[in-house]
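A.B. asks: Below is one structure. I have some questions about it.
Nothing in this text is a laboratory measurement; each read-out follows from the coordinates by a stated rule. Owing to the predicted nature of the structure, the values given are computational and were not obtained by experimental measurement. Every residue, glycine as well, gets a Cβ built from its backbone with ideal geometry; the counts of neighbours run over all protein chains shown.
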Amino acid sequence: MERSPANLGEGNPEAAAEFNEAEQKFVKSERGQQKIHEGAQVRPGEQAELEQAEERAKARGKNDDSKTTQMKEKRPSK
């Protein structure tokens, strides 16, 4: 009868480390850099839709964090 692996709680640190290493390797690779560049491109006609979605989200949000200097002024200093 095999013993079940120890309960690692919210995650497996070894698997997380392997994933992080593989992800960093991909990001630094030529293919990864190409995918990063492609991901930043907006298809024709999408810009207006993205801007509308952003405005709707801002209207629902509690604070507009794009005004970071104002937000920093409101925070208590440490």
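A.B. asks: By per-residue mean of other Cβ atoms within 10 Å, what is the highest-first order of 34-44, 19-29?
C.D. replies: Ranked by mean Cβ neighbours within 10 Å, highest first: 19-29, 34-44.
A.B. asks: For VAL42 and GLU23, compute 0.36 nm times the residue count separating them, minus their Cα-Cα distance, and round to one decimal in nm.
C.D. replies: Full-extension gain reported as 4.5 nm.
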